[in-house]
Amino acid sequence: NLAKVLAWAGKNEDAARLAQSSIELVGEDSECSFILGLVAYNIDDLSAAEGHYADAVRLDPTYVKARHNLSLVWSKLGRSDDATRGFQHVLDAAPDHPNARYNLARAYMRAQRYPEAIAAFHVCLGKNPDDADVTYFLGRCYLKTDDFERAREAFVTTTRLNPEDAAAHYELALLDLDEADVNSARTRLKRAIELDPDWAEPRLALERLAP
């Protein structure tokens, strides 16, 4: 409907006005609650977004998109247990949901449940092996489990898929330093700085390597 289109287009005030007017005219409606949640999320009002998405799910428990977005809000609010349960509920109802598996993996990461995050990211790669975001976060999970060899493989894959990923180059530089490969680390740090000149950490790391 028009209100949803306006919300997706970033016209938040107009979208909220239409959705609220509809609720006042015909009463509570899951779609209007969803739109109000979308508007609140767009303006970073996560508390309001949570309430509106929860209303949408209460009014229509089968509303998968609303449940997914509610779980996303919980994840951003740091409510990792609620988020992982919510995303899993979405996947139970819609196994091929385009974003739920990735967001479930990220929620596992935030909860420091790294083996589960790794497993979920691998499922994502099974569907799209060229997703550089997934390979990067997979590398981060492997670092947290001290599996440095697999972490390196994941970051190398990330730089192959997205050569402009400064964070992956930086992580590889740190792994090089752990292995006392100073020349390779210096090269990777310079590349990270080239890609993201305003990022302080690679620059500081390179300065510490200066002869």
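Each peptide in 178-189, 47-58, 108-119 gets a packing score, the mean of other Cβ atoms within 10 Å over its residues, and the list from highest to lowest is 47-58, 108-119, 178-189. Using alpha carbons only, how many degrees (0 to 90, rounded to 10) separate the axis of helix 12-26 from the longest principal axis of the chain? Tilt of helix 12-26: around 30 degrees. Principal-axis analysis of the Cα atoms of the chain puts helix 200-209 at an angle of about 10° to the longest axis. Across the stretch 71-211, the mean sequence separation of Cα contacts (distance under 8 Å, 6 or more residues apart), normalised by length, yields a relative contact order of 12 percent. Descending by average beta-carbon neighbour count within 10 Å, the peptides 149-161, 130-142 line up as 130-142, 149-161, the highest first. Would you mind getting me the FRET efficiency between Leu77 and Arg150? Use the beta-carbon distance for r and R0 = 25 Å, nearest 0.05. Rounded to the nearest 0.05, the efficiency is 0.25.
Given 37 °C and 0.692 mPa s, compute D for the stretch 83-191 with the Stokes-Einstein relation, Rh being the Kirkwood radius over Cα pairs; round to the nearest whole µm²/s. My calculation gives 228 µm²/s for D. Whole-percent P(r), the chain, all Cα pairs, 5 Å bins from 0: 1, 8, 13, 13, 14, 12, 12, 9, 8, 5, 3, 1, 1, 0, 0. For the chain, the share of accessible area belonging to carbon and sulfur comes to 49 percent (1.4 Å probe, ligands and nucleic acids excluded). Helical runs (DSSP H, four residues minimum) scored at -39500 (n - 2.57) apiece and divided by the length of the chain put the mean residue ellipticity at 222 nm at -24500 deg cm²/dmol.
For the chain, the longest principal axis of the C-alpha atoms and the axis of helix 148-161 are separated by about 70°.
Taking label points 7 Å from Cα along the Cα-to-Cβ direction, Asn183 and Ala200 give a separation of 3.3 nm.
Counted over the stretch 26-150 with a bin width of 10 Å, the fraction of Cα pairs per bin, in whole percents, is 15, 39, 31, 12, 3, 0. May I ask for log10 I(q)/I(0) of the stretch 96-147 at q = 0.16, 0.17, 0.21, 0.23 Å⁻¹, from a Debye sum over the Cα atoms as equal point scatterers with solvent left out? So the normalised log intensities work out to -0.37, -0.42, -0.64, -0.76. Computing FRET efficiency as 1/(1 + (r/R0)^6) for Glu164 and Thr62, where r is the C-beta to C-beta distance and R0 is 35 Å, gives about 0.30.
The values are calculated or read from the model by the stated rules, or taken from the named source; none is laboratory data. The structure presented is a predicted model; accordingly, all values stated were derived computationally and were not measured. When we count neighbours, we look across all protein chains shown, and the Cβ atoms used for this are built from the backbone with ideal geometry, even at glycine. Ligands, DNA and RNA are excluded from the accessible area calculation, which covers all protein heavy atoms including side chains. Shrake-Rupley method; radii C 1.70, N 1.55, O 1.52, S 1.80 Å.
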